[in-house]
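Engineer: Below is the structure I would like to discuss, written out as structure tokens.
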């Protein structure tokens, strides 16, 4: 995609070590929370979110992401008030191998969808950033045109100490984005590994982006990730790569035949795209719509949504229990003491954990 001049560049040109900003003024959202001696007007904030106000939406998301105990209650109230207006979007998970061109694909796909009249929110999960210290959307992310699009909203999930914490905040962010009128939600996995499974548990349709040269990559990709994919996209299928991309498509099609039938009774497709040349994007959208029609007809759509709601409840319980344990003031010194004892080999990790849990429940 041809770059525009500096006037059209957005703030989404991310530098290393700095959290990627949203498509609106994040400082305005932070100022909202830092105003002295002012109570958060939940009803006003919810009304503004329902009216599609991006600044208020970003303020509410910042509230959700806050670790301050005082922010949890209003955050939960906002979520509950927005919940009746959520659930009407198409949630699409997007993952892929490094260098596959996810950002370019998302931008090209996003521009295509907004031209059709859709409102698009792009969220990202990046559990790897807590180790690297880099930005949530990656050091080289470029979505200049999409971030400046008034019909789009781009928001990274902050890195947390656990993937579960990041996932919970992303699920809550989805509710707010849907209430704000975004009818398509892209959830991108920036990290690799467990994040794919996490994203799969919160979307309706799962896209796996791959590169051409199927031989090596087919052996390198985990079978579990391929089994989750509702469609595999061979990206960068242009120029000299077209023949390799065609070969890759045949290889992946053959591999998919070896997998057992999916519960949705949907047979995953393998498509060719070039985000740079803007080819194959319309076919991806047609495939997503075919999937929606197929799964709504056989009731899998509702079954999957209901199952995800149940899963979210249990994940929230586990996340809350873990958070309550480690934030318990009476246990903080004990945890350090038992860590030292375990490291010195004076007690097994299992017995130490059992005693700490016993002390937690007795406290």
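Engineer: Does region 110-129 contain at least one residue that is assigned to a helix (DSSP H, G or I), under 18 Å from the mean Cα position of the chain (by Cα), over 30 Å from residue 50 (Cβ atoms) and at pLDDT below 90?
Structural biologist: Yes, region 110-129 contains at least one residue that is assigned to a helix (DSSP H, G or I), under 18 Å from the mean Cα position of the chain (by Cα), over 30 Å from residue 50 (Cβ atoms) and at pLDDT below 90.
Engineer: Going through region 317-327 one residue at a time, which ones are in contact (Cβ under 8 Å) with a residue 40 or more places away in the chain and either surrounded by fewer than 14 Cβ atoms within 10 Å (Cβ to Cβ) or in contact with a helix residue (DSSP H, G or I) (Cβ under 6 Å, 6 or more places away or on another chain) (or both)?
Structural biologist: 318, 319
Engineer: Here's another thing I want to ask about it. Please work out which one of (1) surrounded by 13 or more Cβ atoms within 10 Å (Cβ to Cβ); (2) under 24 Å from residue 224 (Cβ atoms) is the condition residue 283 fails and give its number.
Structural biologist: (2)
Engineer: Another question about this same structure. So how many residues does region 267-316 have that are more than 26 Å from residue 167 (Cα to Cα), outside any helix (DSSP H, G or I), in contact with a strand residue (DSSP E or B) (Cβ under 9 Å, 6 or more places away or on another chain) and without any contact (Cβ under 8 Å) to a residue 60 or more places away in the chain?
Structural biologist: The qualifying residues number 6.
Engineer: What is the one condition in (1) in contact with a strand residue (DSSP E or B) (Cβ under 8 Å, 6 or more places away or on another chain); (2) assigned by TED's automatic domain parsing to the domain that holds residue 210; (3) modelled with pLDDT of 95 or more that residue 57 does not satisfy?
Structural biologist: So the condition that residue 57 fails would be (2).
Engineer: For the structure I just gave you, tell me whether residue 351 is buried (at least 16 other Cβ atoms within 10 Å of the Cβ), modelled with pLDDT of 90 or more and over 23 Å from the mean Cα position of the chain (by Cα).
Structural biologist: When the stated conditions are applied, residue 351 does not pass them.
Engineer: Can residue 92 be described as more than 20 Å from residue 54 (Cβ to Cβ), touching a strand residue (DSSP E or B) at 6+ places or on another chain (Cβ under 7 Å) and modelled with pLDDT of 90 or more?
Structural biologist: Judged against the criteria, residue 92 is a match.
Engineer: Which is in a helix (DSSP H, G or I), touching a residue at least 12 places away in the same chain (Cβ under 8 Å) and loosely packed, with under 13 Cβ neighbours inside 10 Å, of 336, 330?
Structural biologist: Exactly one of 336, 330 is in a helix (DSSP H, G or I), touching a residue at least 12 places away in the same chain (Cβ under 8 Å) and loosely packed, with under 13 Cβ neighbours inside 10 Å, namely 330.
The values are calculated or read from the model by the stated rules, or taken from the named source; none is laboratory data. Values in this document were obtained by computation on a predicted structure and should not be read as measured data. Reconstructed Cβ throughout: ideal geometry from the backbone, glycine too, with neighbour counts over all protein chains shown.
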